[in-house]
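Some notes on the structure that comes next.
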Amino acid sequence: MCLTFLFFIFFLSSSPFYVPYPVCMDPTLEDYLKAESLSMNASIEEKLQKLYDQERDFLQMDENTFLKYREEVLLRIQLSLKGRLTDPKKIELPQKHLVKINEGGPHVVVTCVGFGDRRPKNLLKRIEKELKATGFNGYLYYRIGGYPTPRGMELSYWLTPYAFKIFLMEEAKQLGFDLVLWVDARLIPLKNIAPLFEILDKHHGFFNLADTLNEKKVFILAQKALYDLTQKNYFLNKTTSTPVFGLKMHSKQTENLIDEFYKACESGLPFFSCYPEETVLSTLIAKYFPTTPFLGQYSPLIYSHLFYYSHLSSQDQKIAVSAKKKGWFFFGISNEGVASIDKIVIPNF
């Protein structure tokens, strides 16, 4: 659908995900609790419903047809709204840790988990263990709960779907790192990832190609908002996959990309898709990294062996061994198997 002919009129003064929280550079537990409390009184569900109604009316669909057509987007947004900054059981405090891996160095892997069973904290210890076992020299920076606030205003955007990835990378930059690689907490390193940082250093970005999203997975209002922000048509761009995603943080390209990512958070509308942060980042990469090749274009071997996800807990151990044997960089444990991550045995071939 050509974006030139879209005539949406939006009446929101700020993002529908916006939480009115003052600038806060180093949040305390009290700050996180206040931000959670404010989010419950920010009429977010009401704002989202108005936008759903606008989208449905534009598509000229009845309610049931719309819910089915946009099901994946709606489920992803609802999943994001279920997030917590603090431990609902009131047992653990939010944490952040910078861990030296072997001899250390200029490279840092960043990741995070929340509280609860969806992404248990044992995943982080397993990543640390396997990074050390593979001979990687660098650092691991991670958070358990809480929220990264490198510029101070991020608690206002904590419900913006998956915006935390870029904020955590920006936080790593403030710790002194230039080459920053985001890795999904379900991905367990199987071999030394130093070659990935060599690519990142050379190209100023580590971009992995994903399957192009179809129109069912991106709201028209998101397409319009992204075009207004970047003058780029999302469906003409390459789609970036972010389970493993890197940026050279001090490059001008990256600085411009991240500044505009914050503008996308101010609007909120660009995140209305099945893969919110990937949709936004893909469009910004098309604008600020127009000549940067994607991984498969210059390193097909790494591209074809970057990560291998399991989808059934009954297959986790088998796939982990197979991925290790075949030279994959990461093994992704299944969603249903994350609680058993400590039982997975990675052999030494």
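Would you check if there is a residue in the stretch 3-11 being surrounded by 11 or more Cβ atoms within 10 Å (Cβ to Cβ), modelled with pLDDT of 90 or more and part of a loop (DSSP other than H, G, I, E, B)?
No, the stretch 3-11 has no match at all.
Scanning the stretch 213-232 for residues that are within 14 Å of Arg70 (Cα to Cα) and in a loop (DSSP other than H, G, I, E, B), which turns out nearest to the chain's Cα centre (by Cα)?
Filtering the stretch 213-232 for residues that are within 14 Å of Arg70 (Cα to Cα) and in a loop (DSSP other than H, G, I, E, B), the one nearest to the chain's Cα centre (by Cα) comes out as Leu213.
Name the residue, out of Pro20, Pro16, that is over 29 Å from Gly176 (Cβ atoms), outside any helix (DSSP H, G or I), in contact (Cβ under 8 Å) with a residue 12 or more places away in the chain and in contact with a Lys or Arg (Cβ under 9 Å, 6 or more places away or on another chain).
Just one listed residue meets the conditions, Pro16.
Filter the stretch 265-298 down to the residues that are assigned to a loop (DSSP other than H, G, I, E, B) and either aromatic (Phe, Trp, Tyr) or not assigned by TED's automatic domain parsing to the domain that holds Gln174 (or both), then identify the one that is farthest from Glu45 (Cα to Cα).
Phe294
Is it true that Phe235 is under 23 Å from Leu155 (Cα atoms), touching a residue at least 12 places away in the same chain (Cβ under 8 Å) and either part of a helix (DSSP H, G or I) or out of contact with any helix residue (DSSP H, G or I) (no Cβ under 6 Å at 6 or more places or on another chain) (or both)?
No, not satisfied.
If Tyr262 satisfies all but one of (1) under 30 Å from Ala225 (Cα atoms); (2) of a type in the set (Ser, Thr, Tyr); (3) not in a helix (DSSP H, G or I), what's the number of the condition it fails?
Condition (3) is where Tyr262 drops out.
Among the numbered criteria (1) free of Cβ contacts under 8 Å to residues at least 60 places away in the same chain; (2) within 20 Å of Leu247 (Cα to Cα), which one does Thr111 miss?
Thr111 satisfies every listed condition except (1).
The values are calculated or read from the model by the stated rules, or taken from the named source; none is laboratory data. On a predicted model such as this, the values are computed, not experimentally measured, just so you know. For neighbour counting, all protein chains shown are included, and Cβ atoms are generated from backbone atoms with ideal geometry for every residue, glycine included.
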